[in-house]
Amino acid sequence: MRQRVIAVVGVVALIGLVFALNFYRLPVVALSPGPMEDVLARLKVEGSRVYDSEGKLYLTSVGIDDNVRFYEALLDMANRDVQLVPRAQLYPEQQDSAEIDKENVALMDRSKETATVVALRQVGYKIEPSAVEVTQVVSGAPADGRLKATDRILEADGHPVHSTEEVRKGITSHKSGETVTFKIERLGRTSKVPVPVEQVEDQPRVGILLRDVFPDLPVKVTIQTQNNIGGPSAGLMFTLSIIDKLTSEDLTGGRRIAGTGEIALDGSVLPVGGVGEKLIAVHRLGVTTFLIPAENCAGVRGHVPDGLRLVKVSKVDDALRFLRDPKGAATAPGC
């Protein structure tokens, strides 16, 4: 009788454990191939003549599951297309999903603005920033408690500044322990704020992230993406699509081309995450050419699907050179 009771208790405990594991959220994130969108079909341009293209330029994305349960993780581990990574590798622990989604939307919006500026410069417009805005203050840094996000920096040490580069020069002109004095605008009021400078990785820093603010652009570009895609990684494909729309030359040449990469204001293409998953999505759609940031090449070697060609780009000019020269395309550098 006693053995029967023990057996029943054991079964109940096992059922309870199985039930509990089913609701246990693991501290991991599951990455999977995400949707692709033809940016050319999502573009709306006002203030300039636009041109049609025969081909397509696809942005790529990564599906992210931030609510992975124990048994889901077992299935994900058996799926070669899914990668499990520690949640802390992608998101700070103090951020919840709503904050992360909001940040990714902001990054996407900024990516569209940067892409528009880079593209307009490429087609001949002279676009210069008109102001500098603080986007983030690093916790514990010298600027913490002195500057705030959305502050506009008007001067550095009495010198007017209109770009992030001018602000950086104002900071790096100081040594560790010295003070840079900013004139800022906050909620319609101006004030002078002294901020100590510290040495971080052999560079003078105050602990702020900045963005250039531009006046109303001569050409208005709207990009309506779907599928809740966020983040900055579509910047390169945004830029190329805008250039393609604004020039009579069909950059696609009738081809279907996908890619990824964050775009910087100087036209540099910066590395992004989830490239392996993006390659899988591209291969499934039958696209055979993928523009990849040069710094992402090392991470995908040995994991490129058969028949998919990678074209390495460090700046938007590399991508344009590839698109504009069909003969030279065969010898464009890959990974």
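The values are calculated or read from the model by the stated rules, or taken from the named source; none is laboratory data. This structure is a prediction, so every number in the text was calculated from the model and none was measured. No Cβ is skipped: glycine too gets one built from the backbone with ideal geometry, and neighbour counts run over all protein chains shown. When the accessible area is computed, the model is the full protein with side chains, heavy atoms only, and any ligands, DNA or RNA have been set aside. Shrake-Rupley method; radii C 1.70, N 1.55, O 1.52, S 1.80 Å.
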**Request:** Determine, yes or no, whether Val311 is of a type in the set (A, V, I, L, M), open to solvent by 20 Å² or more (accessible area, probe 1.4 Å) and within 22 Å of the chain's Cα centre (by Cα).
**Result:** no
**Request:** Examine the stretch 152-167 for a residue that is in a helix (DSSP H, G or I) and open to solvent by less than 40 Å² (accessible area, probe 1.4 Å), and state whether such a residue exists.
**Result:** yes
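Check Pro204, Pro215, Pro194 and return the single one that is in contact with a His (Cβ under 9 Å, 6 or more places away or on another chain) and either farther than 25 Å from Leu57 by Cβ or acidic (Asp, Glu) (or both).
On the way: Pro215 fails: in contact with a His (Cβ under 9 Å, 6 or more places away or on another chain); Pro194 fails: in contact with a His (Cβ under 9 Å, 6 or more places away or on another chain).
Being in contact with a His (Cβ under 9 Å, 6 or more places away or on another chain) and either farther than 25 Å from Leu57 by Cβ or acidic (Asp, Glu) (or both) holds for just one of Pro204, Pro215, Pro194, which is Pro204.
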**Request:** Scan the stretch 163-220 for residues that are touching a helix residue (DSSP H, G or I) at 6+ places or on another chain (Cβ under 8 Å) and within 30 Å of Glu46 (Cα to Cα) and report the count.
**Result:** 7
**Asked** Which residue, of Asp101, Asp76, Asp66, is buried (at least 16 other Cβ atoms within 10 Å of the Cβ), of a type in the set (D, E, K, R) and modelled with pLDDT under 85?
**Response** Asp76
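Just the residues that are of a type in the set (A, V, I, L, M) and open to solvent by 40 Å² or more (accessible area, probe 1.4 Å), please, taken from the stretch 217-236.
Our first condition is that a residue be of a type in the set (A, V, I, L, M); within the stretch 217-236, this holds for 217, 219, 221, 223, 229, 234, 236.
Matches in the stretch 217-236: Leu217 only.
Is it true that Val316 is touching a Leu at 6+ places or on another chain (Cβ under 6 Å) and over 18 Å from Pro33 (Cβ atoms)? Even if it seems obvious, please write down each step before you answer.
Values: touching a Leu at 6+ places or on another chain (Cβ under 6 Å): no; over 18 Å from Pro33 (Cβ atoms): yes.
For Val316, the condition - touching a Leu at 6+ places or on another chain (Cβ under 6 Å) and over 18 Å from Pro33 (Cβ atoms) - is not met.
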**Asked** How about the stretch 314-328: which of its residues are of a type in the set (D, E, K, R), open to solvent by less than 80 Å² (accessible area, probe 1.4 Å) and within 23 Å of the chain's Cα centre (by Cα)?
**Response** Asp317, Asp318
**Message:** Considering only the stretch 27-37, I want to know if a residue exists there that is modelled with pLDDT of 65 or more and closer than 15 Å to Phe238 by Cα.
**Reply:** yes
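Answer yes or no as to whether Leu187 is open to solvent by 20 Å² or more (accessible area, probe 1.4 Å) and on the phi > 0 side of the Ramachandran plot. Give the steps one after another, and end with the answer.
Details: open to solvent by 20 Å² or more (accessible area, probe 1.4 Å): yes; on the phi > 0 side of the Ramachandran plot: yes.
When the stated conditions are applied, Leu187 passes them.
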**Prompt:** Cβ-Cβ below 8 Å, separation at least six or inter-chain, first residue in the stretch 315-335 and touching a residue at least 60 places away in the same chain (Cβ under 8 Å), second open to solvent by 40 Å² or more (accessible area, probe 1.4 Å): which pairs?
**Reply:** Val316/Gln122; Leu320/Gln122; Leu323/Gly253; Arg324/Glu249; Pro326/Gly253
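Among the residues of the stretch 108-130, is any farther than 19 Å from Lys220 by Cβ and either at pLDDT 95 or above or not aromatic (Phe, Trp, Tyr) (or both)?
Filtering the stretch 108-130 for residues farther than 19 Å from Lys220 by Cβ gives none.
No: the stretch 108-130 contains no residue that is farther than 19 Å from Lys220 by Cβ and either at pLDDT 95 or above or not aromatic (Phe, Trp, Tyr) (or both).
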**Message:** Please pick out the residue among Thr239, Thr331, Thr288 that is surrounded by fewer than 18 Cβ atoms within 10 Å (Cβ to Cβ) and within 20 Å of Glu54 (Cβ to Cβ).
**Reply:** Thr288
**Asked** What pairs can you find where one residue is in the stretch 194-216 and open to solvent by less than 30 Å² (accessible area, probe 1.4 Å), the other is among the charged types (D, E, K, R), and their Cβ atoms are less than 6 Å apart, with a gap of 6+ or different chains?
**Response** Val195/Arg146; Val197/Glu178; Val213/Glu133
